[in-house]
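Quick notes on the structure that follows.
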Amino acid sequence: MGRIIAFFTMVLVGFLLILFSISNRAPVSLDFWPLPFTKPVPVYSIVIATAVLAFLAGGIVAWYSGGRARRRARLASRRAHNLEKDLSTLNERIDDLEKKRKSES
């Protein structure tokens, strides 16, 4: 349910961003403060660039916050693999001992 709500929210935000871009094409002067440069750019380009940067920043934050869970999953996977290997080794040893016991009887 949460994914559906997130999807529709993203579609709504995208739609509003497109509407904003269509209706705000007037140029504004973008001032690069410490430098003596100004550049005329459309308003929507600033908004879209900010939205893209916010999306990337959110992705980076989400990736970092999931790091602990990914590390635990990796360790659990390695542990399970090692335990499966140990189990197969022990099963082979049990089979060998049973064969040896049967041959002695």
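Quick note: the coordinates plus some simple rules give every number you see, no bench work behind them. Treat the numbers as computed from the prediction; the structure is a model and nothing was measured.
Listed by number, the DSSP H helices of the chain that run 27 Å or longer by alpha-carbon position along their axis and have mean Kyte hydropathy of at least -1.0 are 2-23, 43-65. Amide hydrogen proximity for L30: with H placed 1.01 Å from N in the peptide plane, the residues at 5 or more positions away or on another chain lying under 5 Å are K39, V41. Annotation: extensible slack from T9 through L83 equals 22.3 nm (criterion: 0.36 nm per residue apart, minus Cα-Cα distance). Take the convex hull of the alpha carbons in segment 1-91; its mean projected area over all directions comes to 10.8 nm².
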